Structures are given as C-alpha cells and as structure tokens.
Amino acid sequence: MRLTQYARGGGCACKIPPGELESVLSGLAAPHPDLVVGAENGDDAAVRRLDETRGLVLTTDFFTPVVDDAADWGRIAAANALSDVYAMGGRPVLAVNLLAWPREVLPMELAAEVLRGGAEIAAKAGCPIGGGHSIDDADPKYGLAVTGLVELARMLRNDAGRAGLPLSLTKPLGTGVLNTRHKQTGEVFPQAIATMIALNDKAAEAAVAGGARCATDVTGFGLLGHLHKLARASGVTAVLDPAAVPYLDGARAAAEAGYVSGGTRRNLDWVRPHAELAGLSEVDALLLADAQTSGGLLVAGEVPGAPVIGELVAAQGPTITLV
C-alpha cells in the first residue's frame, strides 16, 4: 500500500507556513525565570534550567508519510524528532510515540511497522521509548515527543551567532523535491532515505567540541528559512555561497521537472522580502528553500567533514545576501 497516497502532504512540508505560524505565536511567550530557551526566536526545542550546569530539553515533531515504506517512515520521523535535541547540543534521554491512524482504512499491522522503525532509530540514539499516545485520524501521522539533557555552558541555540563565523551544513539538501517526486510517481530514492534516517548526533558532538554555540537544524522551512531565522535572532547578516551548498543526486532534476511542494514555494515567498537573491535562478532559489525532512545541522562554526556554505557578517539590512 502506498502510504503517501493517504495524506494530503508529506513530511516537514506539511508545516504551517512560517509567516502564519509567527503571527499565531506572537505575544504567547510566557516568561519564566528558569526557561532558558522559549518560543521567542523559534528555536528547535525548549530548554528549562535544572541546576547551575544542566538544562532539560523538550521537543516534539510528527508528520504524515514521507515515503511509502512504513518502517522507513518510522525511522525518518524518529530521526527528525531526535534532531531537535541535537540541534540544541543536547542528548536525548527519553521519548514517547505520537501516532494518528485511520484504523478503518489502513491495517494496524502497518502501524506496528511504523512504530518498529521509530523504535529502531531511538535505540540507535540510546533513547528509550516509554509508551505514547494514539488517536483514530483520517490522515496517518507519526512522530515523537523527546526529552533531553544539555550542558548549559555548551548549548547550541539559534540566537548566538556573531559576525566572523563560518556557516557549515552537515547534510545535503534535496529531500523535499525527491519526496514530492516519490509521492507523485512512486519512484524510490534510496539516497534521500539514507540521509533522512541518519542521526545528527555526531554532527552535534563535533560542533560543540569545536566551540560552536549557534546552530539550528534544516527542516520544513528550508535552508533559506532557517538561515533567515538564525540571522534575525542573532542580529547579523548571513552571506550565502549557493555554489558551495551540497545537494542529493537527482534533486536538481526533480526541481527542474516541477516536483516542488507548496510548502517550499511558501518558504521562498516568506524569505524573499528579507533576502537579496538577485542573480539566483528560480530553480536555485526553490532548491535553497526546499522543505527538508530530517535535514542536517546548520552551524555557525566549522564542523569537520561538512562544507562551509557562507559566513555571518555584521548586520547590513537584509538577513541573507549572496556571495
């Protein structure tokens, strides 16, 4: 059964558009003396101070099927949810499942495969899954709520960037357009699955060990959207070198063939007023705004083995400019 045909969207492209989301959340942030990271800058997870040195990291992420294989969808969704903890420089310690399932339409055996896939990735992360919550729903959805721990002095956050730091990207882009092509044609792209199920744990460890204190993961708002949020929160401008950005094999061909999600187009519309993208082709702009699922880390600092795709400079007006 083609799971992607039982949902309107797929993966992180299902996110509410960033502009609409920020409007909804405006004014809702509740200050608390122990809330180290809240909703103010749209960071990857919330962090509450436990004591003088440690913080509790809390996040949740779930979405509709991004691939047709049930176990792979579970693996991808789990890796994506765990990534928010890694993006804060933390270590996941406990998770619970979140499952919505059309029980009269899809067999429960498939739901079990989804859960098994998620449990496999959580075990690889050393993060036990202790139950969860399920509902009967028209569209299948799966993800995790994850709790982690972080050393506050070594925490990564999206508002700690400063001028002079290079920008590193730890996974190639292109999962959005390849997933859209998969949903429409049934073609399978192993290179996209492999990058989506890969954990960001080693990348986060390398970033923290190298002294980085500013990072975010690249998911539904695309590279441009997450870079805009990082630069805006940090009060700097990001200078991006499009030629240095890595892509999965087949991503450009998929974009040129028109396999672009509505979420990606909304990402680009949101970022355009805040970026100087003159000279960039429409295909290149869409690829940079491509709504990623379980993408890599965008780090203000160098990460061994990861390409440097730009740098942060003193604020110049727009949050993003091109080399």
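The values are calculated or read from the model by the stated rules, or taken from the named source; none is laboratory data. No experiment lies behind these values; they were computed from the predicted model shown. All Cβ positions, even for glycine, are placed from backbone atoms using ideal geometry, and neighbour counts span all protein chains on display.
A111 satisfies every condition listed in (1) of a type in the set (A, V, I, L, M); (2) in contact with a Phe, Trp or Tyr (Cβ under 7 Å, 6 or more places away or on another chain); (3) buried (at least 24 other Cβ atoms within 10 Å of the Cβ) except (3). Inspection of the stretch 56-74 identifies no residue that is at pLDDT 95 or above, more than 18 Å from the chain's Cα centre (by Cα) and among the polar types (S, T, N, Q). Looking across the stretch 166-197, the residues that are within 17 Å of A215 (Cα to Cα) and buried (at least 22 other Cβ atoms within 10 Å of the Cβ) come down to L167, S168, L169, T170, K171, L173.
Here the stretch 75-98 is the region considered, the condition is being in a helix (DSSP H, G or I) and aliphatic (A, V, I, L, M), and the residue that is farthest from Y142 (Cα to Cα) is V85.
In the condition set (1) among the hydrophobic types (A, V, I, L, M, F, W, C); (2) more than 18 Å from S83 (Cβ to Cβ); (3) assigned by TED's automatic domain parsing to the domain that holds R232; (4) outside any helix (DSSP H, G or I), A160 is compliant with all but (3). Scan the stretch 182-239 for residues that are outside any loop (DSSP other than H, G, I, E, B) and β-branched (V, I, T) and jot them down. Within the stretch 182-239, T185, I193, T195, I197, V208, T216, V236, T237, V239 qualify. Scan the stretch 250-276 residue by residue and report those that are touching a Pro at 6+ places or on another chain (Cβ under 9 Å) and part of a loop (DSSP other than H, G, I, E, B). E276, the sole residue that qualifies. Can you spot a residue in the stretch 298-318 that is assigned to a loop (DSSP other than H, G, I, E, B), of a type in the set (S, T, N, Q) and crowded, with 22+ Cβ neighbours inside 10 Å? Within the stretch 298-318, none of the residues are assigned to a loop (DSSP other than H, G, I, E, B), of a type in the set (S, T, N, Q) and crowded, with 22+ Cβ neighbours inside 10 Å. Considering (1) surrounded by 20 or more Cβ atoms within 10 Å (Cβ to Cβ); (2) assigned to a loop (DSSP other than H, G, I, E, B), the lone condition that G126 does not fulfil carries the number (1).
Picking from residues in the stretch 9-31 that are in contact (Cβ under 8 Å) with a residue 12 or more places away in the chain and part of a loop (DSSP other than H, G, I, E, B), the one that is surrounded by the fewest Cβ atoms within 10 Å (Cβ to Cβ) is P17.
Here D139 fulfils each of the conditions (1) touching a residue at least 12 places away in the same chain (Cβ under 8 Å); (2) farther than 22 Å from A206 by Cα; (3) in a helix (DSSP H, G or I) apart from (3). Per the conditions (1) at pLDDT 95 or above; (2) in contact with an Asp or Glu (Cβ under 7 Å, 6 or more places away or on another chain); (3) of a type outside the set (A, V, I, L, M); (4) closer than 30 Å to H182 by Cβ, the sole criterion not satisfied by T53 is (4). Just one of the listed residues (A244, A253, A278, A206) is at pLDDT below 95, over 17 Å from the mean Cα position of the chain (by Cα) and on the phi < 0 side of the Ramachandran plot, and it is A278.
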